[in-house]
Amino acid sequence: MHKHQPHEWHENRTKEEGGGKIYKRARWDWRDWKFSFLVPEVERWQPIENPGIPEFLELRDVLFRKYQRKRVPFKFVEQVDQILKDLGYVPEVEEEVKEEGEEEEW
């Protein structure tokens, strides 16, 4: 991955949080990801210390969408998946619910 390659996205804030948007950025810095955020009330990017599962899930979503458009290789997505696994994240798997009297199909 290129040094300092930024990946940015934004979220809409609720009225209780002050409304408007919050901008987030993740960049690869040699051996780990550096996260920061920007709100309109503050002029500078603020670092996110100890990013957790939510930040890495958002980054994974951004990277996966970029991968679909052939802008980043899939190994970037796999790297974030490994970080999520190391953090203890287990993806939810949808199970099919069988109705009573329904037989299994082989």
| said: Taking 8 Å as the Cα distance limit and 6 or more residues as the minimum spacing, I'd like the relative contact order of the stretch 6-86 as a percentage. | reply: 19
| Using modelled backbone amide H atoms (1.01 Å from N, in-plane), which distant-in-sequence or interchain residues come within less than 5 Å of V72's amide H? | Y67
| said: I need the chymotrypsin sites (Phe, Trp or Tyr not before Pro) found in the stretch 1-56, filtered to DSSP loop residues with at most 10 other beta carbons within 10 Å of theirs. | reply: W30
| Among the listed pairs K24/K75; K15/K66; K15/K85; K34/K75; K24/K70, which are separated by more than 24 Å between their Cα atoms? | K15/K66; K15/K85
| said: Suppose the Debye formula is applied to equal point scatterers at every Cα of the stretch 6-86; what is log10 I(q)/I(0) at q = 0.26 Å⁻¹? | reply: -1.33
| note | Checking the stretch 12-53 for GluC sites (Glu not before Pro) in a loop per DSSP with at most 10 other beta-carbon atoms within 10 Å yields E41, E43, E49
| Spin-label pair Y67/L87, simplified geometry with 7 Å Cα→Cβ offset, distance in nm | 1.6
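Readers should treat all values here as calculations from the given coordinates under stated rules, not as data from a laboratory. Quick caveat: nothing in here was measured; it's all calculated off a predicted structure. Note: ideal-geometry Cβ built from the backbone for every residue, glycine included; neighbour counts use all protein chains shown.
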